[in-house]
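A.B. asks: Before we start, here is the structure in question, set down as structure tokens.
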Amino acid sequence: MPIHPVTRLKLEAATLARLSRLADARQRPANQLMQEVIEEYLDREERREKFQRDAFTAWAQFQATGLHVTAAEADAWLARLEAGEDAEPPQPHH
């Protein structure tokens, strides 16, 4: 379904009042706040979708190959990265 540049959105009266108060407090137009909120929501949900796809892909690869790294190996690698090292990820094994 195509989205038009101007879209109507029905909001509950209480939600409109909250939006109006926040827009006034931030001295910004309500439509600008709504645009930002929608973009943040879409970004978050797109990241969630990608995470789920990546997890399913990784699970399918593990089931097909049996290759994995242990939690201890992953933790050690992450600790090195956190310490600022340019560490290579551990090699998957059976």
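A.B. asks: Order of V37, V6, V69 from fewest to most other C-beta atoms within 10 Å?
C.D. replies: So the ranking, lowest neighbour count to highest, is V6, V37, V69.
A.B. asks: Can you put H94, H68 in order of Cβ neighbours within 10 angstrom, beginning with the fewest?
C.D. replies: H94, H68
A.B. asks: Separate question: Of the labelled options (i) 6.6; (ii) 11.6; (iii) 6.1, which one gives mean projected area of the Cα convex hull in nm² as computed for this structure?
C.D. replies: (ii)
Quick note: the coordinates plus some simple rules give every number you see, no bench work behind them. The model shown is predicted, which means the values in this text are computed figures rather than measured ones. Neighbour counts run over all protein chains shown; Cβ positions are idealised from the backbone, glycine included.
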